[in-house]
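Here is the structure we will look at, set down as structure tokens.
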Amino acid sequence: MDCIFCEIAAGRAPASIVYQDDEVMAFMDIIPVLPGHLLIIPKAHYRNVFDAPPEITGKLMETAARLAPALRQATGCAGLNCHIANEAAAGQEVWHLHLHLLPRYPGDGFGFRFPSGYGRRASRPELDEMAERIRQALHALA
Ligand code: 5GP
Ligand code: ZN
């Protein structure tokens with residue numbers, strides 16, 4: 001299988017590594033959106049959050065929390081976004097699970113775009129109906 005992040009995890013492709021242990025690795029994104037843009041990956045190959053055991057995704061977030069203070073100190077960022085793109089519809093381009101750490105700076109110009117018409121508060125019945133559907137799916141998949 002031809003996976004650049006597997007190659008990086010195995011030490012066969014170059015990367016600017018910030019942290020690694022037996023399960024995860026954090027390294028600089030090669031096309032940083034903003035200074036200090038980091039990626040955290042599991043060393044084992046998983047496509048994304050739909051495919052990985054929840055503990056693995058949890059380990060990515062735990063690592064993010066451990067790195068965050070150092071990232072802030074090193075970059076002087078004012079904020080931080082943690083982001084995972086899962087599947088093409090969500091913007092995934094590399095098919096090995098990865099968590100983006102995106103340091104944010106005042107006026108940096110980056111941001112999520114909201115769909116047109118955003119801003120209508122949902123009714124309680126709408127929210128309850130969707131919550132019920134998700135609860136049922138949770139039971140069905142358990
Ligand atoms: P995605 O859109 O899949 O969430 O993000 C993929 C990210 O991987 C992009 O930000 C891209 O710049 C980064 N990337 C792609 N190829 C490489 C690579 O070979 N090395 C590093 N360090 N980052 C990469
Ligand atoms: Zn991989």
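What number of residues within segment 2-45 are in a strand (DSSP E or B), surrounded by fewer than 20 Cβ atoms within 10 Å (Cβ to Cβ) and of a type outside the set (A, V, I, L, M)?
Restricting attention to segment 2-45, the residues satisfying the condition of being in a strand (DSSP E or B) are 17-20, 24-28, 38-42.
Next cut, surrounded by fewer than 20 Cβ atoms within 10 Å (Cβ to Cβ) only: 17-20, 28.
Applying the additional criterion that residues be of a type outside the set (A, V, I, L, M) yields 19-20.
Here the count works out to 2.
Could you check segment 81-105 and list, in sequence order, the residues that are away from ligand 2 (no atom under 16 Å from the Cβ) and either in contact with a helix residue (DSSP H, G or I) (Cβ under 9 Å, 6 or more places away or on another chain) or acidic (Asp, Glu) (or both)?
Cys82, Leu101, Pro103, Tyr105
With of a type in the set (S, T, N, Q), over 19 Å from Cys6 (Cα atoms) and surrounded by 14 or more Cβ atoms within 10 Å (Cβ to Cβ) as the only criterion, which of Thr75, Thr63 stands out?
Working: Thr63 fails: over 19 Å from Cys6 (Cα atoms).
Being of a type in the set (S, T, N, Q), over 19 Å from Cys6 (Cα atoms) and surrounded by 14 or more Cβ atoms within 10 Å (Cβ to Cβ) holds for just one of Thr75, Thr63, which is Thr75.
Residue-by-condition table, conditions (1) under 23 Å from Phe110 (Cβ atoms); (2) more than 8 Å from ligand 1 (Cβ to nearest atom):
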position: Phe5; (1), (2): yes, no
position: Ser16; (1), (2): yes, no
position: Asp22; (1), (2): no, yes
position: Phe27; (1), (2): yes, no
position: Ile31; (1), (2): yes, no
position: Gly36; (1), (2): yes, yes
position: Leu39; (1), (2): yes, no
position: His45; (1), (2): no, yes
position: Val49; (1), (2): yes, yes
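Any read-out appearing in this document is the output of simple, stated calculations on the displayed coordinates, not a laboratory observation. Keep in mind that what you see is a predicted model, and the values were worked out from it rather than measured. Using ideal geometry, Cβ is built from the backbone for each residue, glycine included, and neighbour counts are taken over all protein chains shown.
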